[in-house]
1. Could you tell me how many of the residues in the range 140-150 are surrounded by 15 or more Cβ atoms within 10 Å (Cβ to Cβ) and not aromatic (Phe, Trp, Tyr)?
2. Against the conditions (1) among the charged types (D, E, K, R); (2) under 20 Å from the mean Cα position of the chain (by Cα); (3) closer than 23 Å to GLY12 by Cα, where does GLU197 fall short? Just the number, please.
3. Of a type in the set (Lys, Arg) and assigned to a helix (DSSP H, G or I) - does that describe any residue in the range 45-56?
4. Exactly one of these conditions fails for PHE205: (1) closer than 19 Å to ASP104 by Cα; (2) at pLDDT below 95; (3) of a type in the set (Phe, Trp, Tyr). Give me its number.
5. Residue by residue through the range 2-18, note down the ones that are closer than 12 Å to ALA117 by Cβ and touching a helix residue (DSSP H, G or I) at 6+ places or on another chain (Cβ under 7 Å).
6. Quick one: which of LYS36, LYS73 is surrounded by fewer than 21 Cβ atoms within 10 Å (Cβ to Cβ) and in contact with a Gly (Cβ under 8 Å, 6 or more places away or on another chain)?
7. From LEU153, LEU167, which residue is outside any loop (DSSP other than H, G, I, E, B) and open to solvent by 20 Å² or more (accessible area, probe 1.4 Å)?
8. Specify the residue that is farthest from the chain's Cα centre (by Cα); the eligible residues are those in the range 18-72 that are within 22 Å of ALA219 (Cβ to Cβ) and of a type in the set (Val, Ile, Thr).
Amino acid sequence: MMVSKFDIAIIGSGPAGCSAALTLRNSSCSVALFEKSSFPRNKICGDGVCDRSINTLKDINPAYFEEFLATQKALCIKNIDIGYQNRSYVASVKSYGYNCKRLDFDNFLFSLVKRDAKNVSIFQNCGISRVERTEGGLKLYAQNGEVFFAKMLLVCNGASSKIAHKLTGSKPEKPDLGVAIRAYYSGVKDLKDDTIELHFKKEFFPGYLWIFPMADGTANVGFGCLVKDLKEDIRSIFENWIVNDAKLQQRFAEAKPVSHLVGGLIPYNVDKYECFGDNFFVCGDAANVLTIVEIWLPLNSTPLDTHLSNLHQA
């Protein structure tokens, strides 16, 4: 069987995988980038491109950030509106980042790889089902029957990566798992293009309900929390929150979902997770760290009242 050989293989072409490929674009390495589907393809996300994302893009190439602004439908976020116990506190931020649909942002990064990374061979519709250690590196077995070899492997294929779990021997434990759902809505009242909203309830902290304005006038609306804090179906929590909260009820009175409500698991046990080993690194969500397009409050033991003390002031 013919085996295609590369210096570096990257499994997954989301933000982590494409960022790695772009970083390697001027190297002397031969690189293979694998994507199980084909672009453009969507990804469940809150659609927040935070300042770390922007700074990463600038570090790779300052011109890429300028191109992002010129070509993508993105809203610059300057404020965070925090809601708790019928109170609202607006915090101004110098550089949160942007709201940009994940469908568009991922496709933008992928297009840069196609255009500028001439040393990168792209394999779409080519999911890698398993990897196997071999002399000098790893063999990669694709679902379509092709076999590849790489001296170094970067695993960037998301939070549910079985390959990452097998290579590292680490797997998220239930207490460390988060779960989130989201849908796009039209007709949400009182959206502000420069402001994202985070709504809290003590029983779900550090989870929250979010409302993120999008450039097309819709809103990315979702809810996420730790799995251990779910006492009922997450969809019911999300829908009841909107219906029973007096302010949100008014704002969603004429709103309509323009997409399905979808979601997934989010692992958060970074301190206990092994992210590298002989001939491989695990990156992004696969390494149980946030991708560059997510926003989530730190999962720690800091009391809720400490984080939201401003909301208790007159």
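The values are calculated or read from the model by the stated rules, or taken from the named source; none is laboratory data. The structure presented is a predicted model; accordingly, all values stated were derived computationally and were not measured. All Cβ positions, glycine included, derive from the backbone under ideal geometry; neighbour counts span all protein chains shown. For the accessible areas, the whole protein counts, side chains as well, though only heavy atoms, and no ligand, DNA or RNA atoms are used. Shrake-Rupley method; radii C 1.70, N 1.55, O 1.52, S 1.80 Å.
1. Selection size over the range 140-150: 4.
2. (3)
3. Checking the range 45-56: at least one residue is of a type in the set (Lys, Arg) and assigned to a helix (DSSP H, G or I).
4. It fails just one condition, (1).
5. Listed by number, the residues that qualify are ILE10, SER13, CYS18.
6. LYS36
7. Within the list LEU153, LEU167, the selection yields LEU167.
8. That would be ILE54.
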